[in-house]
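Here the structure comes first, spelled out in structure tokens, and everything after it is commentary.
The values are calculated or read from the model by the stated rules, or taken from the named source; none is laboratory data. Keep in mind that this is a model prediction, so the values were computed, not measured. Using ideal geometry, Cβ is built from the backbone for each residue, glycine included, and neighbour counts are taken over all protein chains shown.
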Amino acid sequence: MREALDEWDDYSESDVQAPPADAPAALTLQAPADALGERLDRVLARLLPDYSRNRLQTWIEEGRVSVDGIARAGKYKLFGHETLKVTPATEIAALADAAEDIPLRVVHADADIIIVDKPAGLVVHPGSGIANGTLLNALLHHFPETAGVPRAGIVHRLDRDTSGLMVVGRTLRAQTRLVEAMKARQIGRTYTALATGRLESSQWVDAPVGRDPRHRTRMAVVPSGREARTFIEPLELLPGATLLDCTLETGRTHQIRVHCRYIGHPLVGDPVYLTRKPASPLLAAFPRQALHARRLELPHPVSGEACAWDSPLPADLRDLLEALRDDAA
């Protein structure tokens, strides 16, 4: 079963528009005295830091924000001391009904974030042809409060058969700030990959990624694609393959898989982008793309503390590397 390609870039602020399920029917605020001459949208952003500017702007455009009882545009200039009323949009889906008791490896959890180590084979969230059995369903079971956060707090994705670390916002404020940090490229993601062939030098791959015009079920480097940058560093030369470190600067659909194919070294086991079967029986038999999100670095969304986590290679990839090393000895 393949992922729905049009839903697999990193999230943007527009992906987290819905307020928590327990949000009040309306928020009543008073414009501060120093708001004289300041735009309504800017004052709201200052008074409601837990909501993204994009979300607040949407509510303004929908007429959900009033000044002394009158709906106003975002550019409306305030005098100070006005009564501001914000009526949030309501949740569309009752995610709590989708909770499932699925095993989940939690690397770290505090009041604001959850770091999970996703196994290969687990889809991140329901989508085309996938109604349940996902990471989202597992989060709703193990952390019920995430039902009040859009997409159960999920901030970024991993392909179904890619393993490794993901960050989840446990609260609306945390998720919003994580999405903003992702957009500002403040979250570091490093992957271990096993690519076919011999790659001896490090390189930046700066090539736009978009839907393949000839094969609509996969992605490709295309001039009309979105900006995509990956730093690729070879770690170890092995029989028929090279062990790589891949660091994302952007988060496009299948980015590492597409960029490795673009430079002539598609990932071992990749069912979409590896079109020629490797000569090595060990490589040919590997059942998934050899890709693992091994390191995650980010500023904590509330404390601002620099945080980092590492994940060991999963058993299947570790066993493959050991077998290749034995074969080379």
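Considering only segment 226-271, how many residues are assigned to a loop (DSSP other than H, G, I, E, B), under 21 Å from the mean Cα position of the chain (by Cα) and either surrounded by fewer than 17 Cβ atoms within 10 Å (Cβ to Cβ) or hydroxyl-bearing (Ser, Thr, Tyr) (or both)? Show your work before the answer.
Here is the first cut: in segment 226-271, the residues assigned to a loop (DSSP other than H, G, I, E, B) are 227-228, 239-240, 249-254, 263-266, 268-271.
After this cut, where a residue has to be under 21 Å from the mean Cα position of the chain (by Cα) as well, the list is 227-228, 249-254, 270.
Now narrow it down to the ones that are either surrounded by fewer than 17 Cβ atoms within 10 Å (Cβ to Cβ) or hydroxyl-bearing (Ser, Thr, Tyr) (or both): 227, 249-250, 253.
Qualifying residue count for the region: 4.
Restricting attention to segment 48-70, the residues being in contact (Cβ under 8 Å) with a residue 40 or more places away in the chain and surrounded by fewer than 18 Cβ atoms within 10 Å (Cβ to Cβ) number 5.
You will find that of Gln186, Gln175, the residue that is assigned by TED's automatic domain parsing to the domain that holds Glu305, in contact (Cβ under 8 Å) with a residue 24 or more places away in the chain and assigned to a helix (DSSP H, G or I) is Gln175 and no other.
Here is a yes/no grid of residues against (1) of a type in the set (A, V, I, L, M, F, W, C); (2) without any contact (Cβ under 8 Å) to a residue 40 or more places away in the chain:
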position	(1), (2)
Arg72	no, yes
Glu82	no, no
Leu122	yes, yes
Pro144	no, no
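Would you call Leu274 within 23 Å of Met166 (Cα to Cα) and more than 19 Å from the chain's Cα centre (by Cα)?
Details: within 23 Å of Met166 (Cα to Cα): no; more than 19 Å from the chain's Cα centre (by Cα): yes.
In short, no.
What about Ser280, is it more than 23 Å from Asp117 (Cβ to Cβ) and surrounded by fewer than 19 Cβ atoms within 10 Å (Cβ to Cβ)? Answer is yes for this residue. With respect to being under 30 Å from Ala111 (Cβ atoms) and either in contact with a Gly (Cβ under 6 Å, 6 or more places away or on another chain) or surrounded by fewer than 21 Cβ atoms within 10 Å (Cβ to Cβ) (or both), Thr171 fits the description. A Cβ distance below 8 Å, combined with a sequence gap of six or more or placement on separate chains, defines the contacts here; from segment 306-329, residues that are under 19 Å from Leu165 (Cβ atoms) reach residues that are assigned to a helix (DSSP H, G or I) in the pairs Pro312/Arg318; Leu313/Leu321.
Is it the case that Leu158 is in the same structural domain as Gly304 (by TED's automatic domain parsing) and part of a helix (DSSP H, G or I)? If you could, list the steps in order and put the result at the bottom.
Details: in the same structural domain as Gly304 (by TED's automatic domain parsing): yes; part of a helix (DSSP H, G or I): no.
It is false that Leu158 is in the same structural domain as Gly304 (by TED's automatic domain parsing) and part of a helix (DSSP H, G or I).
Within segment 184-202, if we keep just the residues that are under 23 Å from Leu320 (Cα atoms) and among the β-branched types (Val, Ile, Thr), the residue that is surrounded by the fewest Cβ atoms within 10 Å (Cβ to Cβ) turns out to be Thr190. Glu145 meets the conditions (1) modelled with pLDDT under 95; (2) outside any loop (DSSP other than H, G, I, E, B); (3) of a type outside the set (Ser, Thr, Tyr); (4) under 23 Å from Glu305 (Cα atoms) in every case but one. The failed one is (4).
For segment 48-75, the candidate set comprises residues that are touching a helix residue (DSSP H, G or I) at 6+ places or on another chain (Cβ under 8 Å) and among the basic types (Lys, Arg); within that set, the residue that is farthest from Val86 (Cα to Cα) is Lys75. In segment 227-273, of all residues being modelled with pLDDT of 95 or more and of a type in the set (Gly, Ala, Ser), the one that is nearest to Lys183 (Cα to Cα) corresponds to Ala228. Inclusion of Val209 among residues that are of a type in the set (Val, Ile, Thr), surrounded by fewer than 20 Cβ atoms within 10 Å (Cβ to Cβ) and closer than 27 Å to Pro266 by Cα is not warranted.
Filtered by the rule that a residue be more than 20 Å from the chain's Cα centre (by Cα) and either part of a strand (DSSP E or B) or small (Gly, Ala, Ser) (or both), segment 208-225 gives Val221, Ser224. In the set (1) surrounded by fewer than 15 Cβ atoms within 10 Å (Cβ to Cβ); (2) modelled with pLDDT of 90 or more; (3) touching a helix residue (DSSP H, G or I) at 6+ places or on another chain (Cβ under 9 Å), the condition left unmet by Asn132 is number (2).
The number of residues in segment 273-329 that are over 15 Å from Ile187 (Cβ atoms), of a type outside the set (A, V, I, L, M) and in contact with a helix residue (DSSP H, G or I) (Cβ under 9 Å, 6 or more places away or on another chain) comes to 12.
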